[in-house]
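Shown next, in structure tokens, is the structure this report addresses.
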Amino acid sequence: MLSWSGPRTVVLAGLCVLAALSLHPFPPVERACELLFVPARWARELLRPWGWLAAGEVRAALDAAAAAFETERAQARALLAAQIESALPADPALRAGRSFLVAEVLERDPTDPDLLRVRFPPGAGVEADMPVVLGEAYVGRVRAVDDRRAGEGLVELVTDAGLRVGAVVLDGAPEPAALVVGGLVDPRARRGQALLLGARHESRPVVGGAVVVREIGDGPRAARRAAADGFRLGELRVLAERGRPVLGVEAPLEFRHGLSLVAIVGGPELATAGPLLADDAYEDARWTAARVALAGDSSPRRRTRHLSFPRASRVEDGAAVAVGARFVGRVLQAADGRAVAAWLGDPALAFRAAALVEGAGEPLHLGRLISIGLAADGAVLLEWTAREDRAGVAPRPAGRARIATSSGDRGVPAGLWVGTCDLPAGPGRHILRVVPAEDAAGLLRARVRLAPEPHPEAGP
Amino acid sequence: MRPARRGGQRLLGWVLFFVWAVSLSGLQALVWRDAASAFVPDAALVLAVVVLARAEASDLVPLAFLTACARAATSGEAPLVLVTGALGALFAALLLRGVLELSGALGRTIAALVAVFSFEAWIVLARGARAGAATLDAAGAAASAIPIALASALAALLLGPLLARLPGLTPLWSRSW
């Protein structure tokens, strides 16, 4: 029998403190803990030879990916070209006299969900106040071009409470009614999944109709904004709030997860889009080779891997990990030439994707997919929330589909193949059973996406 | 006898315990990768329970730290979560040592069951909390830990004597075994 009531109390108190710090991470403590865990790093090196047991199998998988690379790259580029085309307006009247530069969405601003960070070719002539559209729908306008990161800028969505857009209601009357649109009626106000944009200052009473942009004002800023004239803001709705009518515009876009590529609209000074995005997924200089320490994870239901790569590599949290043209996972945490990555099937993995559905003309932007685990047969289970079909719009395609990564997550380029699945019909939450393009379980080598070179004139 | 053991021998004992724990964790990782079943034992934690049965109570902290390090070498879980889980699990086993003889078959089986269950359930809970889950799913965490805890208890029952005889661990024993 032990006599250790004093130490027992100390251990209990220490456990409580550690548990609190584990549940509510405090970065300095986490960093200190990482330093203390140096023996774990040495141990990983000891485990490396274990991978040699399956070297033949791994080499065969890498050879298969290498052999398919050219074909898969061509297919990915065709998918991107179709996505770029679908980001542009189909109506010739909206294309006439304007230039369109397709930009990819990099991420949401972590502090403001109404701000998007986008990437476009550096030196393309993008300026603040240029409108941003998707197809024929108005998205928002460029708030600023980033001086620190070449070819990046901030886009303010029309859902932002501070953004105001001049508009008119096309309700069949000889003279369209003018109004101002911007922000949301109420962040919780929705029709199904559609957001209701705020509308006010109508020039005459209106009850319904299509709302399109018509900016007013003089000067160069107003001229830039007016490049969006004619683009659709949505359908006018009249809501009853506390007995009085309130106007709202039912937005045609799913702003939360539905934006992957957008088009910046300008005059002839704006460079037009090429067949590829500014951030090409297949540019060799943007990848570095990484070694996988052990092809397994000792935590049940996890599929993480420890990676090592040259210390000077610009690998950021969230970077994609791939084999050839095939997506296998994302970096969770990177520092000093080491990283922990979540493979497909790990519950910590999420990414945005597009689907090429058999028999459908255009690629389908799926939005965010969340990995929830593996099925018994090795299929990757991905959670997907499908948006509702809109009245007057062709229903979403369903059936056999090939899934690829899409823009919207920093570090993950569009156009890496994820796998194939049967895309179910109908809105709401679905679990996709994806047969992965690459079975990454036994991988010992992979490629990690590098962050772009910093702007030469940017400060530290 | 511990006083008779030189510091160097004990240090070697800890190093070898770590090497064995890492090896068992690595093996576990490879088995998890290919096994569809959830009934895979947490062999490194079972080894820690076997060592704890024979070690001093004051060895709890280094034992928990090295067990967590071994797991961190083969898993992407946060080190702080692992060390908290290992310390809590082995502390529970140490409390059981007051009422059960952990070196016996029944004692080590129950201790392994309790330690592995609390460790795995804690990992799942902490992962959810760190991922920003609105509520902690304690029932889900417990359910996911049960198969591993049962497999580990069985492993402790059958393999405990073998684990106790792994080369290099005797300098950690607090009395002759």
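A compact table of results
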read-out	value
Electrostatic dipole magnitude of the range A:67-167 [Cβ: Lys, Arg +1; Asp, Glu -1; Cα centre; debye, to 20]	180 debye
Heavy-atom accessible surface that B and A bury in contact, both chains counted, 1.4 Å, Å² to 100	3800 Å²
Environment charge at A:Gly373 (Cβ cut-off 14 Å; Lys +1, Arg +1, Asp -1, Glu -1)	+2
Alpha-carbon centroids, the range A:69-84 and the range A:123-185: separation in whole Å	30 Å
Helix A:38-47 vs. chain A, principal-axis angle (Cα, 0 to 90°, nearest 10)	80 degrees
Per residue convex hull volume, Cα atoms of chain B, in Å³	110 Å³
CD proxy at 222 nm, helix term only [per DSSP H run n ≥ 4: -39500 (n - 2.57); per residue of the protein assembly as shown; nearest 500]	-11000 deg cm²/dmol
Heavy atoms of A:Arg232 accessible to a 1.4 Å probe, total area in Å² rounded to 10	100 Å²
Between 0 and 90°, nearest 10: helix A:5-23 axis offset from chain A longest Cα axis	30 degrees
Largest-first principal axis extents of the Cα set of the protein assembly as shown (Å)	101, 61, 50
For the range A:98-266, the fraction of alpha-carbon pairs in successive 5 Å shells from zero, as %	2, 9, 19, 21, 19, 14, 8, 4, 2, 1, 0
Cα lying deepest toward the dipole's positive end in the range B:2-165, options B:Phe39, B:Leu159, B:Val15, charges on Cβ	B:Val15
Under Karplus coefficients 6.51, -1.76 and 1.60, residue-wise ³J(HN,Hα) of the range A:402-418 in Hz, glycine/proline x	10, 9, 9, 5, 10, 5, x, 10, 4, x, 10, x, 6, x, 9, 6, 9
Charge dipole (the protein assembly as shown, unit charges on Cβ, about Cα centre) - positive-most of A:Val265, A:Val145, B:Gly76	B:Gly76
Kirkwood hydrodynamic radius of the range A:40-153, Cα pairs, Å	18.4 Å
Distance between the range B:29-99 and the range A:323-398 - C-alpha centres, whole angstrom	34 Å
Rounded to 10°, Cα long-axis angle of helix B:138-164 versus longest principal axis of chain B	20 degrees
Estimated FRET transfer efficiency when R0 is 35 angstrom, pair A:Leu23-A:Glu316 (beta carbons, to 0.05)	0.85
Dipole magnitude of the range A:98-266 about its Cα centre (Cβ charges: Lys, Arg +1; Asp, Glu -1), debye to nearest 20	240 debye
Debye, to nearest 20: dipole size of chain B, +1 on Lys, Arg Cβ, -1 on Asp, Glu Cβ	580 debye
Residue (of A:Ala226, A:Ser86, A:Thr111) at the positive-pole extreme of chain A, dipole from beta-carbon charges	A:Thr111
Nearest-0.05 FRET efficiency for B:Arg165 and A:Glu127, computed from C-beta distance (R0 60 Å)	0.20
Percent accessible area from carbon and sulfur atoms, the range A:84-182, protein chains only, probe 1.4 Å	54 percent
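The values are calculated or read from the model by the stated rules, or taken from the named source; none is laboratory data. In this text, all values refer to a predicted model and were calculated from it rather than measured experimentally. Every residue, glycine as well, gets a Cβ built from its backbone with ideal geometry; the counts of neighbours run over all protein chains shown. To get the accessible areas, we keep the full protein, side chains included, count just its heavy atoms, and leave off ligands, DNA and RNA. Shrake-Rupley method; radii C 1.70, N 1.55, O 1.52, S 1.80 Å.
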